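**Student:** Can you read through this structure? Questions will come right after.
Any read-out appearing in this document is the output of simple, stated calculations on the displayed coordinates, not a laboratory observation. Remember, predicted model here, so these are calculated numbers, not experimental data. Cβ sites come from the backbone with ideal geometry, for glycine too, and all protein chains shown count toward neighbours.
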Amino acid sequence: MECTCEVYGLFAAYINQGADTGISARKRQSIIPDFAISSAVGRPRSLGELKFIGHSKTFFPSDKKE
């Protein structure tokens, strides 16, 4: 199994890369899959995203005010 993390440039051919497009370089670069996984040589790659949800006192205080 082959795995590549943060697959840069995968969609670059489909997004105008010119500076005159009005799209910032950061937004043009924002389409970056977290993983590209291939189970065997010659097989198509699968793309994957990994997301986390954190529970913290900052965003989810435990004191209820009803």
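**Student:** Order by neighbour count: Leu50, Leu10, fewest other Cβ atoms within 10 Å first, most last.
**Tutor:** Leu50, Leu10
**Student:** Now a separate question. Taking θ = phi - 60°, what integer Hz values does the Karplus form 6.51 cos²θ - 1.76 cosθ + 1.60 yield along the range 40-57, in sequence order, with x for Gly and Pro?
**Tutor:** Using θ = phi - 60°, the values come out as 8, 4, x, 7, x, 7, 10, 9, x, 10, 10, 10, 10, 10, x, 10, 10, 5 Hz.
**Student:** Further question: For Ser38, Ser56, what ranking results if the residue with the fewest other Cβ atoms within 10 Å of its Cβ goes first?
**Tutor:** Sorted ascending by nearby Cβ count, the order is Ser56, Ser38.
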